[in-house]
Amino acid sequence: MGRGKIEIKRIENSTNRQVTYSKRRGGILKKAREITVLCDAEVSLIMFSSTGKFSEYCSPSTTTKRIFDRYQHVSGTNLWNSHYEKMQNHLSKLKEDNSRLRTEIRQRMGEDLNDLEIDEPRGLEQNLNDSLKVVRERKYHVINTQTETYKKKLRSLHETHTNLLRTLEGREVNAHFGFSGNDALHYGAVISLANDGNHDLHEIAYGSDDLRLA
């Protein structure tokens with residue numbers, strides 16, 4: 001029993017469509033390789049799936065560009081004319097935009113104003129006022145930001161200065177009421193003897209020539 005004929009129309013199911021494309025793409029690429037080898041033909045094959053996936057085959061003896069060049073020569077068709085025209089149109093538009101912007105810059109600098117109608121200088125003046133307003137707002141924002149930053153730095157330096165003063169004052173107080181040199185050694189000896197129960201405190205106070213009481 002032979003296979004039934006398949007109706008050639010778009011496969012609506014996307015999964016089935018992709019599976020069929022993958023299978024038939026493999027068959028077409030195989031036939032392209034075979035005809036290249038068997039018939040010494042130059043073949044260039046380019047395919048894009050419905051999802052945009054690109055596949056190609058080109059005979060080893062040539063390149064796709066050479067195939068296109070031969071096609072243009074034989075058919076008398078220039079494949080690049082439309083693309084060249086689009087590029088020329090785009091270039092012309094860019095030149096017009098550049099010329100217009102240069103004119104606007106000169107007019108904002110007070111040049112090329114003689115040919116303007118009465119409404120055009122008014123519009124230019126309004127644009128300049130709007131631009132000036134934006135510049136002023138930006139300037140004031142930058143000034144306020146810098147001012148707040150400097151205030152924070154100043155407060156930080158003030159706190160650091162205050163802490164240093166307190167530290168220095170604390171050291172001066174300790175130096176005034178504390179012991180230094182031999183006084184500290186005698187004070188330690190007194191504490192050691194006072195903790196010893198075998199010595200008389202009266203002897204400690206008056207029997208030692210090295211003990212000096214303030």
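Every number in this text was worked out from the coordinates using simple rules, so none of it is lab data. Everything numeric here is computed off the predicted structure, so don't read it as measured data. Note: ideal-geometry Cβ built from the backbone for every residue, glycine included; neighbour counts use all protein chains shown.
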| query | Taking the Cα centre of region 14-77 as the origin, how large is its charge dipole in debye, to the nearest 20, when only Lys and Arg (+1) and Asp and Glu (-1) carry charge on their Cβ atoms? | reply | 340 debye
| query | Is there a pair in K95/K133; K5/K31; K9/K53 whose C-alpha atoms are over 29 Å apart, and which pairs would that be? | reply | K95/K133
